[in-house]
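Working notes for the structure below.
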Amino acid sequence: MKVRVYVSLKDGVLDPQGKAVEHALESLGFKDVGEVRVNRVVELELPTNDADQARAQGEAMARALLANEVIENFSVEVE
Amino acid sequence: MKVRVYVSLKDGVLDPQGKAVEHALESLGFKDVGEVRVNRVVELELPTNDADQARAQGEAMARALLANEVIENFSVEVE
Amino acid sequence: MSVTIDAKLAQSFGLTGDEYNTVLKIMGRTPSFTELGIFSVMWSEHCSYKSSRIHLKTLPTKAPWVIHGPGENAGVVDIGEGLAAVFKMESHNHPSFIEPYQGAATGVGGILRDVFTMGARPIANLNALRFGDPTHTGTRRIVDGVVRGVGGYGNCVGVPTVGGEVNFHKAYDGNPLVNAMTVGIAHKDKIFLSAAAGVGNPVVYVGSKTGRDGIHGATMSSAEFDDEAASKRPTVQVGDPFIEKLLIEACLELMATDAIVAIQDMGAAGLTSSAVEMAGKGGVGIELDLDAVPQREPNMTAYEMMLSESQERMLMVLKPERTEEARAIFEKWDLDFAIIGHLTDTGHITVKHKGAVEANIPLDPLAEAAPLYDRPTVPLNLAGHIQPPPDPVGIEHALLTLIGCPDLASRAWVWNQYDATVGGNTARKPGAADAAIVRVDGTRLGLALTTDCTPRYCQANPKSGGAQAVAEAWRNITATGAKPLAVTDNLNFGNPERPEIMAQIAEAIKGMAEACKALDFPVVSGNVSLYNETRSPSGLAQAILPTPAIGGLGVIEDASKSIGLAMPEDHDLVLIGEI
Amino acid sequence: MKAGIVVFPGTNRERDMGHALKLVSGHTPKMIWHRETSLGDVDLVVLPGGFSFGDYLRSGAMAAHSPILREVKAFAEKGGYVLGVCNGFQTLTEAHLLPGALLRNAGLRFLSQDCHLKVENSSSSYTHHWKKGDVFRAPLAHGDGNYTASPDILKKLEEEERVAFRYCRSDGTISHEDRASNPNGSLNSIAGILSENRRVCGLMPHPENLVDAEIGGVDGLPLFKGLVEALVG
Ligand SMILES: Nc1ncnc2c1ncn2[C@@H]1O[C@H](COP(=O)(O)OP(=O)(O)O)[C@@H](O)[C@H]1O
């Protein structure tokens, strides 16, 4: 099954990349761009057809490696 | 409106990041992890309530800045 | 494949009618699609030097301290204490226009491989960059991507970037120049060469897997560059400096044994040029079984595998009894290792895939019948390129203008993105001396390194401009207290089929040759990049300024005695030279 | 002093570190390949600079989850000395041997330049050859050196005086907002920190590249001299 792990910076952690993109978009003439966040999605193909199992695995991987919970949140989506 | 721009490498373009993550997951004991791709999502808050307009703007931004169309594809999702 | 193979297809591969006729004569039949691909890349400007070779032959290449001159992957000079410096400069201009970050990054990767393939540990990188007018749209993006790319690759592999140059001129608006130089150190009696030997010996592929990257990159970089370039995009290669770092360590570890007979990196035209060159130089045949090639993508054809420019790959010929020892080293470093063929006594390159022979080409004619052109030149009109400043502007104004000029302003914003200290031997960092000084590990020796060229001068007078570039490199080295030893060059010009451009090439080389002879400063390696032109909307070809970039190397017996730019307190400023 | 330097695929400053340690201790440290299952007989473990595993996910993340790190953790838990420089510091935070995290530099660019560091705590084995308030120069070379931590962790670090080094101007003044003195935008200008027992130290700049008067200077020497003194007794 296809599993997507979304990893984003926690609220309160400054996202310099997001800030830079925001700025660049504005200087390109896109007005009133609100807050921009640049996040990571890790797409995996897991060898199971059980959605719960796939989700559990995705979460385990996020905790073990894909996200740094000191600064990041994650969420898992199964297709 | 909230707009998400997903940016991923085109097929056939080397993804060193995905390859490295795949390898690391395997050495952590996650067996049979298939192909891993690490993509980017840019989340934006646009000053419009019209979904079509928001999508069009997201696409324009992707073309102008958020994606590098030489090696990347993008897709836009409006919430 | 249901494609008709004829002169028209050959032309789309970059071969002229005459060249295609030669192919027919060599083969005695219509070539296969894969064979045509092999001819086209081997006879491309990039691989065959067909327009520049007769001129390059006039450069002085010998001196008592030269161990290997042009012809090997990089030049090799004796620096004393049983050690040799191995160095070369190479361009990645067209890829850097198409995708600045990856183009520049893979340029650095390629030149590093040229150096460690000879058994040398890379100890310094330099980069000579030319960009369009700072106010031109697009220049900022290219500058940003190129500088990040050079840094991204060099920083990750852990080779300090210690010098270079940056120029801006509108002639480079649509065609930036990215010339990367690497210097390595080896024991002088342990230099690895590419000539294959030993019929039956295994041909081994190591490094990254092969994908569909940069197919026809070598011919692309020889084809004139126009608006269609944009549509040729999917061929960009993506580099992986992490794999390169592993490849350096694994190759050097294997090189410490005596398992290797010959080794060659897969650069432009990948597997084709490395296999052809190794077998050709060794006077043997080579048979490849493409089924064994590590592949990144499914369903790759023989043509695609032979022409792929996937990065971070090497080809070696090993002693058969040592292959398992070699395999263990590459597996330790998590790199692919595959025996993909063997040497034969046929004098041919034979390529098999899925049970079929996809190519079978005699190597001698492929090399000997390679096109060689003495292209026509015209006398150059040298008047008018350099205008004296309009009216006396006053010294203060002149000084401020110069200080503010992009070509003279501080380059700290560039080299602050490059790790200049990794290795712990950078005695003079960028900006600290006229040439960077890098100490040779375990000795007191210092290498003095610089890149130089003033394209404006070369346009005004290609011959004296070429000579000046050599002289400036020599002076920059001398000014640090080092003894200049040898140069590498990167000749960047427009379309050689235009006589005025060919004249620039011929003249610049003449100037370089004279200066190198006069200064006893031989050329030991180099690279030529032609067809650096863009077409204006009106269809007019606009060439870059003639840019023969010179990379100079010198040696100082004690790195700590080198002289920098900073003026010590209580010293007098003395001008020397003639007015 | 029996030092071991852990080498991951992609590590690139292990030789620099080896040179510095040899210079002060007279002993060549041993290189410990990441696949080894034991650290062997060492009294100092160093995680050097570089790009472990390409740093493709987050800097130091994959190294932190590699088997050898379990050994490093066990060693630290027994009170062993562990020094992480640059990528090593990133790895120590990812492995939770030190608190906080290192984000992308505020300017989003790789930075390679000299910086000045102020010694904030001179009671650890890493810093006792300096006096509190001393200022020294060191090169830095990184893309992810922007130190961050949650407010409570930060408070704890400051209260327990576990900030070892802060970025500063050459005169010792500190300005968090000024990119010239705090180049990567680190919280509280933090350049290096200590563990609770003061035995684990991580910092971003490279003192190991400043131990030779002929190559830039000797500003980094006190750190290594201090270590030798502490460990050799
Ligand atoms: N692309 C670059 N990469 C690294 N260092 C560079 C680069 N461009 C310029 N530099 C460094 O900046 C300093 C000044 O460059 P330049 O003005 O070209 O020097 P000069 O004219 O004295 O040869 C030199 O030390 C040079 O090596």
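Looking only at region C:511-530, decide whether some residue is polar (S, T, N, Q), within 16 Å of the ligand (Cβ to nearest atom) and closer than 20 Å to C:Arg130 by Cα. Before you say what the answer is, go through the steps one by one.
Initial filter on region C:511-530 (polar (S, T, N, Q)): C:525, C:527, C:529.
Filter again for within 16 Å of the ligand (Cβ to nearest atom), leaving none.
Looking through region C:511-530, none of the residues is polar (S, T, N, Q), within 16 Å of the ligand (Cβ to nearest atom) and closer than 20 Å to C:Arg130 by Cα.
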Practice problem: Please indicate, with yes or no, whether at least one residue in region C:103-113 is over 17 Å from C:Val440 (Cα atoms), more than 16 Å from the ligand (Cβ to nearest atom) and within 13 Å of another protein chain (Cβ to nearest Cβ). | Solution: yes
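State yes or no: is C:Thr135 more than 13 Å from the ligand (Cβ to nearest atom), out of contact with any Ser or Thr (no Cβ under 8 Å at 6 or more places or on another chain) and more than 20 Å from C:Asn492 (Cβ to Cβ)?
On the way: more than 13 Å from the ligand (Cβ to nearest atom): yes; out of contact with any Ser or Thr (no Cβ under 8 Å at 6 or more places or on another chain): yes; more than 20 Å from C:Asn492 (Cβ to Cβ): yes.
It is true that C:Thr135 is more than 13 Å from the ligand (Cβ to nearest atom), out of contact with any Ser or Thr (no Cβ under 8 Å at 6 or more places or on another chain) and more than 20 Å from C:Asn492 (Cβ to Cβ).
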Quiz item: Which of the residues spanning region C:169-204 are away from the ligand (no atom under 16 Å from the Cβ) and closer than 30 Å to C:Thr480 by Cα?
Solution: C:Gly184, C:Ile185, C:Ala186, C:His187, C:Lys188, C:Asp189, C:Lys190, C:Ile191
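Out of A:Gly29, A:Gly12, A:Gly34, I need the residue that is facing another protein chain (nearest Cβ under 7 Å) and either modelled with pLDDT of 95 or more or assigned to a loop (DSSP other than H, G, I, E, B) (or both). Which one? Before the answer, list the steps.
Working: A:Gly29 fails: facing another protein chain (nearest Cβ under 7 Å); A:Gly12 fails: facing another protein chain (nearest Cβ under 7 Å).
So the residue among A:Gly29, A:Gly12, A:Gly34 that is facing another protein chain (nearest Cβ under 7 Å) and either modelled with pLDDT of 95 or more or assigned to a loop (DSSP other than H, G, I, E, B) (or both) is A:Gly34.
Does A:Val36 count as in contact (Cβ under 8 Å) with a residue 12 or more places away in the chain and over 21 Å from D:Ala101 (Cα atoms)?
Details: in contact (Cβ under 8 Å) with a residue 12 or more places away in the chain: yes; over 21 Å from D:Ala101 (Cα atoms): yes.
Criteria met by A:Val36.
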Quiz item: Looking at region D:6-21, which of its residues are farther than 25 Å from B:Ala24 by Cβ and of a type in the set (Phe, Trp, Tyr)?
Solution: none
Quiz item: Which one of the conditions (1) under 30 Å from A:Gln53 (Cα atoms); (2) more than 8 Å from every other protein chain (Cβ to nearest Cβ); (3) of a type in the set (A, V, I, L, M) does B:Ala54 fail to meet, given that it meets all the rest?
Solution: (1)
Quiz item: Which members of region C:450-484 meet the condition of being buried (at least 24 other Cβ atoms within 10 Å of the Cβ), over 24 Å from C:Ser51 (Cβ atoms) and more than 15 Å from the ligand (Cβ to nearest atom)?
Solution: none
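This table checks each residue for (1) buried (at least 23 other Cβ atoms within 10 Å of the Cβ); (2) more than 16 Å from C:Leu247 (Cα to Cα).
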site: C:Gly267; (1), (2): yes, no
site: C:Ser274; (1), (2): yes, yes
site: C:Glu287; (1), (2): no, yes
site: C:Thr301; (1), (2): no, yes
site: C:Arg327; (1), (2): no, no
site: C:Asp334; (1), (2): no, no
Quiz prompt | Matching residues in region B:58-79 - criterion: being over 21 Å from C:Gly145 (Cα atoms) and loosely packed, with under 15 Cβ neighbours inside 10 Å | solution = B:Ser75, B:Glu77, B:Glu79
Quiz item: Looking at C:Val157, C:Val166, C:Val86, which is the one that is touching a Lys or Arg at 6+ places or on another chain (Cβ under 6 Å), away from the ligand (no atom under 14 Å from the Cβ) and at pLDDT 95 or above?
Solution: C:Val157
Quiz item: Looking at region C:408-437, which of the residues that are under 14 Å from C:Ala566 (Cβ atoms) and crowded, with 20+ Cβ neighbours inside 10 Å is farthest from the other protein chains (Cβ to nearest Cβ)?
Solution: C:Asp434
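The values are calculated or read from the model by the stated rules, or taken from the named source; none is laboratory data. Treat the numbers as computed from the prediction; the structure is a model and nothing was measured. Ideal geometry is used to build each Cβ from the backbone, glycine not excepted, and the neighbour counts take in all protein chains shown.
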